[in-house]
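J.: One structure is given below, represented as structure tokens, and several questions about it will come after.
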Amino acid sequence: MIEAEGVGFAYGDLDVLRDAGLCAERGETVGLIGPNGSGKTTMLRLLYRALVPAEGVVRLDGQPAEALRPRELARRAAVVVQESASEVPITVADMVLLGRAPHRPSFAGSSAEDHRVAAAALERVGVRHLADRVVAALSGGERQRVLIARAIAQQADHLLLDEPTNHLDIRYQHEVLGLVRALPVTSVVVLHDLNLAARYCDRAVLLDGGRVAAEGPVDAVLRPEVLEPVYGIGVRRVDDDGLAQLVFRPAAAAAAAAARPEAS
Amino acid sequence: MQTSSPAPAPTSAGTEPPDAPAPPAPAAGAVDDLDRARARRRSRIWVASLSAALLATLVGGVAIGPVTIAPEDVVRIVGHHLLGAPETVTWSEAHESIVWRLRVPRVLLGAAVGAGLAICGVALQAMVRNVLADPYLLGVTSGASTGAAAAILFGVGAAAFGEEALAGSAFVGALGASALVFLLARVTGRITSVRLLMSGVAVGYALYAATSFLIFASPNPEGARSVLFWLLGTLSLARWSVILAIVLVVVALTLAVLLVHSRALDALAIGDETALTLGMAPGRVRARLLVALALCIGAVVAAAGGIGFVGLVMPHLARRFVGGAHRRVLPVAALMGAVFLVWADVFARTVVQPQELPIGILTSLVGAPFLLLLVRRLHAATD
């Protein structure tokens, strides 16, 4: 379980989060959604302690995160973030082996056990054959899988992901999230695509201007009356084989449609 | 298991000699470990063969010169001095003097400088995530040149460092410059790659101006030439001295420190956020390593001037051979840098006899086209 309670954060004078909260129960996948600049990434960074909250507390399995040493935290929460591409080459195998870093003293090399865990992680996400390739030369989907493999190799029971479907084509978006969903971990995932959230998350936390606008099972959060005021866009909900999916159109068009007499 | 590739189709029995080595097919059900043994073997072979090459290079570097000395005499003379064996002197006093007093310290300095520049290049490229970073990025060379120019042209440092005034004041200049670069880089908080690059460039230009002004203001026309010669890098000042000892020790220590941090370097090369999520403290690690690097580069430059391209090219070569993991790259880069610089120096002192070419001219001459070649390959790999 990972939770944030009443957390606030500001970059200088700019309040990014205020009195926000989130809770992912054991084994749950929680989607963190909201418009650009609503504080999603900041919230996630508070969870893995890249940022220290100005107020409030973050807890891992009931323990305050501030009480955990960084390596201990890394053993319990793995993070998938896409960094700007580095020019210094690293192979897929070495990248995934880095996931073992929190488990080893910094001066020790990787053990045979580490290599086995890394190989199994690559196998798990279906890119074992890429082990000797350079990460920078992979496609977006492959790279995302490698990052997830590294997180798996980290053997943490919490997984935090920042827009893992960014820049991926539709098929890879679903593959990556399906993969995350199938892992036996508690995960929090920042998502832009609300339909992906509807399909792959148990619960959703909707942020708006640094505050939690709605929170609950995806079915309760992903409703037109909740989303429309936050995103400022027309939302219609359709049923796709029992799964709620959303269709969007500009607010003006939505208003026009609403105003149009039913008879036409 | 999916990973163990299907066993190769058995060739018809009898066509192969009975003692043919079995194909290294993975045993059925063997646990996949990314072929760790192969990777280790490969990097050990590199380290072993480069170590052998370095040994041969050290002997060859002493043997070759305006006066050629038989390699067995080189070994005897060095053995005589280090181990007391052989005890009987079978060589001329001139050879003794050339080998022990001139060339051995020179070759040792060359090896240490080459290794030092190579490992500092590896580490800096990782820390600023840029493969065009070289050891002089920290403003060290420009600081050292200003110090050296002040010593050569105006005798600065003579009081404090005596005979070693040149190296001493170059070292002080180097450390002063890197301290300034750090301070500027962290004015607004954490040291980041971009801030480091920017302040390195700024300090570099400012000190370049200072050096030029010193040359301009000096009444000594010969001095300008000496400063230029030093700037281009030279091992001609090498002798048994405290400087040589400092360089050897500092380079060895730096290699050790970097090896201890090799995984942190891997992570920093990917990015600070990644390092952080792996339980490291990227800001602190970077600051700590930068101090070690500044000391190492400062010592190297003070002893040998600004030798270019070694720190830029060797890291690329090493990565090509053993992959990107710093635990494997660092020793290989160190050995390659050492071998390369000793040979470059051999050429520098033999090619235009009896003159001596500044070694930096040679390293740049070899390095520039080489770098272009690497850049082309780099694109081929990532496109």
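FYI, it's all coordinate maths here, none of it is from the lab. Not measured: the values here are computed from a predicted model. Neighbour counts run over all protein chains shown; Cβ positions are idealised from the backbone, glycine included.
J.: May I ask what percent, to the nearest 5, of DSSP beta bridges between residues of the stretch A:2-222 are antiparallel?
T.: 55 percent
J.: Give me B:Leu365, B:Leu374, A:Leu122 ranked fewest to most by other Cβ atoms within 10 Å of their Cβ, as a rough exposure proxy.
T.: Least crowded to most crowded, the residues run B:Leu365, B:Leu374, A:Leu122.
J.: Next question, about the same structure. Which of A:Glu55, A:Glu123, A:Glu113 ends up with the largest GNM mean-square fluctuation for chain A, with Cα atoms connected below 10 Å?
T.: A:Glu113
J.: Using the count of nearby Cβ atoms within 10 Å as a rough guide to exposure, how do B:Ser226, A:Ser38 rank from fewest to most?
T.: The most exposed by this proxy come first: B:Ser226, A:Ser38.
J.: Still on this structure: With bins 10 Å wide starting at 0, give me the P(r) of the protein assembly as shown over every alpha carbon pair, in whole percents.
T.: It works out to 3, 14, 20, 20, 16, 13, 8, 4, 2, 0, 0, 0, in whole percents.
J.: Stokes-Einstein D for the stretch A:2-222 at 10 °C, 1.306 mPa s, Kirkwood Rh over Cα pairs, in µm²/s?
T.: Reported coefficient: 89 µm²/s.
J.: While we're here: Averaged across A:90-101, how many Cβ atoms of other chains sit within 10 Å of each residue's Cβ atom?
T.: Partner-chain Cβ atoms within 10 Å, mean over residues of A:90-101: 6.
J.: Treat every Asp and Glu Cβ in the stretch B:118-245 as -1 and every Lys and Arg Cβ as +1, leave all other atoms uncharged, and give the resulting dipole magnitude about the Cα centre to the nearest 20 debye.
T.: Rounded to the nearest 20 debye, it is 440 debye.
J.: Shifting gears a bit: Taking the Cα centre of each part, how many Å lie between the stretch B:198-261 and the stretch A:193-264?
T.: If you average the Cα positions of each part, the centres end up 65 Å apart.
J.: A further question on this structure: For B:Ser364, A:Ser84, what's the fewest-to-most ordering of other Cβ within 10 Å of each Cβ?
T.: A:Ser84, B:Ser364
J.: Name the residue from B:Ala302, A:Val117, B:Gly139 whose Cα lies farthest towards the positive end of the charge dipole of the protein assembly as shown, charges +1 on Cβ of Lys and Arg and -1 on Cβ of Asp and Glu.
T.: B:Ala302
J.: Now a separate question. Could you rank the peptides B:289-302, A:182-195, A:137-150 by their average count of other C-beta atoms within 10 Å per residue, with the highest value first?
T.: The densest-packed peptide leads the list: B:289-302, A:137-150, A:182-195.
J.: Report, for the protein assembly as shown, the % of DSSP beta bridges that are antiparallel, rounded to 5.
T.: Once the DSSP bridges in the protein assembly as shown are tallied, antiparallel ones form about 65 percent.
J.: Dimensions of the stretch B:292-378 along principal axes (Cα, Å, largest first)?
T.: 43, 32, 17
J.: Give the percent of DSSP beta bridges with both residues in the stretch A:136-238 that are antiparallel, rounded to the nearest 5.
T.: Bridges in the stretch A:136-238 are about 55 percent antiparallel.
J.: Just checking the output field for B:280-288: average partner chain Cβ neighbours within 10 Å of each residue's Cβ?
T.: Going residue by residue through B:280-288 and averaging, the value is 1.
J.: Per-residue mean of other chain beta-carbon atoms within 10 angstrom of the beta-carbon, peptide A:110-119?
T.: Mean partner-chain Cβ count within 10 Å for A:110-119: 5.
J.: Distance between the C-alpha centers of the stretch B:71-123 and the stretch B:144-193? Whole Å please.
T.: Answer, in whole Å: 30.
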